There are 2 protein chains.
Amino acid sequence: MNDSPVRVGLLGCGTVGSALISLLQRQHDAIAARTGLDIAVTRVAVRDLSRPRDPGLPAEAFTDDPAAVVADPDIDLVVEVMGGIEPAGALVQAALAAGRPVITANKALLAEHGAELFALADRAGVDLLFEAAVAGGIPFIRPLRESLLGEPVRRVMGIMNGTTNYILTRMTEAGADYAEALAEAQALGFAEADPTADVGGFDAGAKIAIVASIAFGCEITASMVDVEGITAISADDIAFASRSGHVIKLLAVAERVETSSGPQVSAAVHPVLVPVHHPLASVRESFNAVFVEGDAVGELMFYGRGAGGDPTASAVLGDLIDAAVNLRRGAHASIGALAPARLRPAADAASAQYLSLVAVDRPGVLAAIASVLGDNGISIASMSQSGPDSELGGGLAEDEARIDLITHRTGRRQLDATLAALRSLDAVRRVGSVVRVLSDEDDDV
Amino acid sequence: MNDSPVRVGLLGCGTVGSALISLLQRQHDAIAARTGLDIAVTRVAVRDLSRPRDPGLPAEAFTDDPAAVVADPDIDLVVEVMGGIEPAGALVQAALAAGRPVITANKALLAEHGAELFALADRAGVDLLFEAAVAGGIPFIRPLRESLLGEPVRRVMGIMNGTTNYILTRMTEAGADYAEALAEAQALGFAEADPTADVGGFDAGAKIAIVASIAFGCEITASMVDVEGITAISADDIAFASRSGHVIKLLAVAERVETSSGPQVSAAVHPVLVPVHHPLASVRESFNAVFVEGDAVGELMFYGRGAGGDPTASAVLGDLIDAAVNLRRGAHASIGALAPARLRPAADAASAQYLSLVAVDRPGVLAAIASVLGDNGISIASMSQSGPDSELGGGLAEDEARIDLITHRTGRRQLDATLAALRSLDAVRRVGSVVRVLSDEDDDV
């Protein structure tokens, strides 16, 4: 122990905050032995002072005034785990402006105001670290911002929401339909009573905005992310995916594409048919994983717990130690200035696609559908037809057939024109799911 | 660009060195935009000056005297990718002693002399970074030494050798026997003409020595690692593993165990039956992966390319940028002093085990074998018998049966006593494979 204590002010003491206090107490001596630092939480801002708290900290450490913690001259570092954009944003800003390093787990805040907060931290010469904001306990942000800083990263895609991965896993492995799997996830506490942020893809959208900003060095906010959730995925889609050697995953995808006018980036969240042999396919239940493709490094995957008090506290603790070490050295990490993003227009996106249609079952229908695709320059990788009595025939009338097809790589414009043409065919009763397929052809992006 | 160039001296210009030169040239401007640093390789030590070199560097940048590169006052940083313990060790030592940061990919050197080199770097106040020495392109060392510094890590286990993973994958998926799979790996360039370092487990042993040292903060050298390779794994073992819901992987395992006299650590390399649903089971072909278990973070896995010029150069480049940034700030990273290791005696190890025996096929034999296990306090999880005409019966005489069994968690001493007792049974012709089984009971370690 070569120094005075590093005193941490904690904003928020829910699941993550209290897990952090316990973990830091348990590991205090081990951390001191490795770093020479005596790190301790000395002040904690809570919403409700009357709630009983874990022992280990004196009652006077707690306050219900987070601004007082940030302003306290006896605090060296601030950890923000209260969540939400305000008042967390103003508190983080005040701490940085006062020259205090900040560790935050707040994805919503960074996805909205990351660029200005990173710039503020750089001007103040202090750390703003946020490992826990993306993929919970998985140490992914540090490798991305440091180890891969020189890597030509082409694509980062991840299972960044545990709730939806749990629901899709149950649909795949237990044959549950969406409503059953959601109810089960809610009963187990994996999904909120109002599950919109998860199942609508918005939680993953905030995370991929942050990841895309770091990976490509430009400012991408949550509102720039194309978001589609899993609410429209049916048991039949899951069954078809399985029969064709895929599983359906909700992927958050950030891509960088070279165009004739320079590089463009995109960020999106959508369900994807993932080939069963792909490493992301074996990420089950509420686990998260992030898959990185770079020209030099090839393929990487980072796998672990995306949420939960202890895993998130582990990520916060790693950042906290790093910030404490930097503080004592007078150093700080920087992700550099974020340039304005040059977004790829959504209409320029291209990928293999899975389509399902319900059509009248009469001779020539398959040919008519195939010829619409051909006329629009879309090449078909596989096509299958199921009658009302077959495994995939749920909900079909006696005279109907379900047609599932997977295309080769197709541009969004072609696809939209094709869908319109298919809908106008007399024999097509409805177009069902339209889901991206992850395929080797993606390497052409 | 806020500064003079960071000039890199490169020791070794084989696959990794030349990939690094190309990658750095390609990414030079992107790195400058993100960090403000102008990083360039300016001197290169090669073995043979007469070999033609990639363009992009002037001929006078090359020398066949590596000591001259290390001693050059115009060099700011040294990258060592020549491999081997000497002369690489003396060169790294000279560079550190002269106050130059070193990035090395040299697992053999660090597994033997890591502790003294880390201490030397700390005394000199410079970086000694080595991401590329373990698991090639996978950014694992940085998360382990920084993100997980405060995490109570219980176990790190990995597929750290691509050659053996390729061989085992071919044996599993194509039904090849060991000799066929090795020959195939050699034909494809995945295995050396003398494959001992890989198939004997020694390459993975050096890597797990480094990982265990970082994970547990104590000095573990390659000679302290219990090493067993894959040469005794038969096609029948693979077939039995598959039938029982496992795949066989060569795992390098570092564990920390609490005992009544304090924590003990162990490091070993051995074949392991891994349950098919375990994330390590889906790591195929020449890919590597490292799986971490910690009390707070739960389970993590890092997956990617463990070897190859470009992935390894990617890992070196990440370290190089980090060291350059630190150099300009006057900072450096430290893993702290390594304490002497308190090794767990091999006889105290415990795990579930797979055993295969060949016995005379007569009534009562199974009962006799089961009772030897029972007498030694070993509980049997599953047991099966195969005759000479069955799938697993290869090599059996007409009067013989193969008996495969999986035990519950068993101490090494019990197991050794049991094996001796089994060998002394008249009816047992031979004891075949004895392979560790990864099971949930491992959590008791």
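The values are calculated or read from the model by the stated rules, or taken from the named source; none is laboratory data. Every value quoted in this text rests on a predicted model; they were computed, and no experiment measured them. So basically every Cβ, Gly included, is an ideal-geometry build from the backbone, and we count neighbours across all protein chains shown.
Structure above, values below:
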read-out: Count of residues meeting criterion [assigned to a helix (DSSP H, G or I) and surrounded by 17 or more Cβ atoms within 10 Å (Cβ to Cβ)] in region A:420-433; value: 1
read-out: Restricting region B:323-356 to residues that are at the interface with another protein chain (Cβ under 7 Å from one of its Cβ atoms) and closer than 22 Å to B:Gly217 by Cβ, the residue that is surrounded by the most Cβ atoms within 10 Å (Cβ to Cβ); value: B:Ala331
read-out: Meets criteria (within 9 Å of another protein chain (Cβ to nearest Cβ), surrounded by 23 or more Cβ atoms within 10 Å (Cβ to Cβ), of a type outside the set (Phe, Trp, Tyr) and more than 21 Å from the chain's Cα centre (by Cα)) for B:Leu320; value: yes
read-out: Conditions (1) charged (D, E, K, R); (2) within 14 Å of B:Val211 (Cα to Cα); (3) in contact with a Ser or Thr (Cβ under 7 Å, 6 or more places away or on another chain): number failed by B:Glu80; value: (2)
read-out: Qualifying residue in region A:258-269 (condition: in contact with a Pro (Cβ under 6 Å, 6 or more places away or on another chain) and in the same structural domain as A:Thr163 (by TED's automatic domain parsing)); value: no
read-out: Conditions (1) more than 16 Å from B:Val325 (Cα to Cα); (2) in contact with a Gly (Cβ under 8 Å, 6 or more places away or on another chain); (3) modelled with pLDDT under 95: number failed by B:Asp54; value: (2)
read-out: Among (1) away from chain A (no Cβ under 11 Å); (2) crowded, with 17+ Cβ neighbours inside 10 Å, the one test that B:Arg51 misses; value: (2)
read-out: Residue, nearest to the other protein chains (Cβ to nearest Cβ), within region A:16-43, restricted to residues that are touching an Asp or Glu at 6+ places or on another chain (Cβ under 6 Å) and touching a residue at least 40 places away in the same chain (Cβ under 8 Å); value: A:Ala19
read-out: Residue check, A:Ser261 surrounded by fewer than 19 Cβ atoms within 10 Å (Cβ to Cβ), in contact (Cβ under 8 Å) with a residue 60 or more places away in the chain and not β-branched (Val, Ile, Thr); value: no
read-out: Unmet criterion (only one of (1) in contact with a Phe, Trp or Tyr (Cβ under 9 Å, 6 or more places away or on another chain); (2) within 14 Å of chain A (Cβ to nearest Cβ); (3) in a helix (DSSP H, G or I)) for B:Ile138; value: (3)
read-out: Tally of residues being surrounded by fewer than 21 Cβ atoms within 10 Å (Cβ to Cβ) and among the aliphatic types (A, V, I, L, M) across region A:188-212; value: 3
read-out: Subset of region A:377-401 that is in contact with a helix residue (DSSP H, G or I) (Cβ under 7 Å, 6 or more places away or on another chain) and of a type outside the set (A, V, I, L, M) - its residue that is surrounded by the most Cβ atoms within 10 Å (Cβ to Cβ); value: A:Gln385
read-out: Selected residue (only one of B:Ser386, B:Ser351, B:Ser314, B:Ser356 is without any contact (Cβ under 8 Å) to a residue 24 or more places away in the chain and among the small types (Gly, Ala, Ser)); value: B:Ser386
read-out: Single residue of A:Ala359, A:Ala281 found to be buried (at least 18 other Cβ atoms within 10 Å of the Cβ), outside the structural domain of A:Ser386 (by TED's automatic domain parsing) and among the hydrophobic types (A, V, I, L, M, F, W, C); value: A:Ala281
read-out: Residues being β-branched (Val, Ile, Thr), part of a helix (DSSP H, G or I) and closer than 28 Å to A:Ala115 by Cβ - total across region A:183-228; value: 5
read-out: Top-ranked residue of region B:229-264 - restricted to ones that are among the polar types (S, T, N, Q) and outside any loop (DSSP other than H, G, I, E, B), ranked as nearest to B:Ala281 (Cα to Cα); value: B:Ser242
read-out: All positions within region B:65-86 that are acidic (Asp, Glu) and touching a strand residue (DSSP E or B) at 6+ places or on another chain (Cβ under 7 Å); value: B:Asp65, B:Asp72, B:Asp74, B:Asp76, B:Glu80
read-out: Meets criteria (touching a strand residue (DSSP E or B) at 6+ places or on another chain (Cβ under 7 Å) and either more than 22 Å from A:Ala132 (Cβ to Cβ) or away from every other protein chain (no Cβ under 14 Å) (or both)) for A:Leu182; value: no
read-out: Selection from region B:145-179 of residues that are surrounded by fewer than 24 Cβ atoms within 10 Å (Cβ to Cβ), assigned to a helix (DSSP H, G or I) and facing chain A (nearest Cβ under 9 Å); value: B:Glu146
read-out: Residues within region B:322-347 that are farther than 18 Å from A:Leu149 by Cα, outside any loop (DSSP other than H, G, I, E, B) and modelled with pLDDT under 90, tallied; value: 2
read-out: Residues of region A:59-113 classified as within 21 Å of A:Asn326 (Cα to Cα) and of a type outside the set (A, V, I, L, M), total; value: 10
read-out: Residue count for region B:280-307, restricted to those that are in a strand (DSSP E or B) and either facing chain A (nearest Cβ under 7 Å) or without any contact (Cβ under 8 Å) to a residue 12 or more places away in the chain (or both); value: 9
